[in-house]
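As structure tokens, the structure follows; a few thoughts come after it.
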Amino acid sequence: MIKIFPFIFIILWSSAFITTKPIIDHSDPFSALAFRFLIVGIGFFLFCIYKKNKILVNKKYFLESFFSGVLFHGFYLGGVFFSISKGMPTGIAALIVTLQPILTNALSGPFLNEKVTQKQWIGVILGFLGAIIVLGFDIGSGIPTSGLLATIIALIAITSSTIWQKKISNNLPLSVSNMYQALGGFSLHVIIIILFAKPYINFSQTFLIAMSHQIFLVSFGAFTILMYLIKKNSASKTVSIFFLIPATSAFMAWLFLNENLTNMDLVGFLITSAGVYIATRD
């Protein structure tokens, strides 16, 4: 079962891109994310009670998990949602964030003392080339400066969060750690709303369906799997699977939204798959 976790993660994480736009169309990005992680935090709290996990942990473990949530749920998702809400083309936003495995590989040595092999670098480069082919270069014109800046912040945040999560490697149960991470993301979005944003959510049927998908399948499902993979594997190997997400998202958009799936998409998927296989095999 554990061996198929990366594949389940890719499918669940990729599916989030299908539901992000409907959420943003019916809310401001930070109110949507605050609502999402309020529900996620409550859900993990109830699960901890059910499993009789110790919720009150020492200050060090609490701050480690809380800060990880600020980075991942806060700055990463906040940056992505905000950039798309400002008109940032989804393709170029995805391409920038797809640089994460390259950054993580580069930083794993100095920060985690992980040895990144030549084989892993070859796999990462192939993965990135495949992602570029899938995403393409038809990014349109007039990229908003605020959207570009937010996407770069998102890239830095997800890279930092991955390295941070691997570095702390505390022994908290995933449900407890995820609860405090959800609290971290929720807190940051509430602060942003208070200081900068005008809160708005239209609880339409479309919003509720899309948000339910992101809460249950992405936050409860995919994110928990990602935290498990980071804990059990090297950071550089874990993030290599992210290169498969653009191609998988393109396939899902073709399957569920009737969007075009070109021959170049298939070529990019094959190149990316080869790169991920090379980067992750022992």
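The values are calculated or read from the model by the stated rules, or taken from the named source; none is laboratory data. This is a predicted model, so every value here is computed, not measured. Cβ: placed from backbone, ideal geometry, glycine included. Neighbour counts: every protein chain shown.
General remarks:
- In segment 240-261, the residues that are touching a residue at least 40 places away in the same chain (Cβ under 8 Å) and under 24 Å from Ile158 (Cα atoms) form Cβ pairs under 8 Å with partners that are outside any helix (DSSP H, G or I) and polar (S, T, N, Q), at six or more places apart or across chains, as follows: Phe242/Thr98; Phe243/Thr98; Ile245/Thr98; Pro246/Thr98.
- Among the residues of segment 190-199, those identified as modelled with pLDDT under 95 and surrounded by 12 or more Cβ atoms within 10 Å (Cβ to Cβ) are Ala197, Pro199.
- Whichever residue in segment 254-268 is part of a helix (DSSP H, G or I) and closer than 16 Å to Ile133 by Cβ and, among such residues, is farthest from the chain's Cα centre (by Cα): Asn263
- Flag not set for Ser160, criterion: among the hydroxyl-bearing types (Ser, Thr, Tyr) and either more than 24 Å from Thr224 (Cα to Cα) or modelled with pLDDT under 85 (or both).
- Leu126 meets all of the listed conditions (1) assigned to a loop (DSSP other than H, G, I, E, B); (2) touching a helix residue (DSSP H, G or I) at 6+ places or on another chain (Cβ under 8 Å) but one, namely (1).
- Residues being farther than 18 Å from Ser161 by Cβ and crowded, with 17+ Cβ neighbours inside 10 Å - total across segment 48-66: 3
- Ile201 vs. criteria farther than 26 Å from Pro101 by Cα and touching a strand residue (DSSP E or B) at 6+ places or on another chain (Cβ under 6 Å): yes
- Pick from segment 58-99, criterion modelled with pLDDT under 80 and polar (S, T, N, Q), ranking: nearest to Phe196 (Cα to Cα): Thr90
- Taking segment 193-210 as the range and being in contact with a Phe, Trp or Tyr (Cβ under 9 Å, 6 or more places away or on another chain) and small (Gly, Ala, Ser) as the test, only Ala197 passes.
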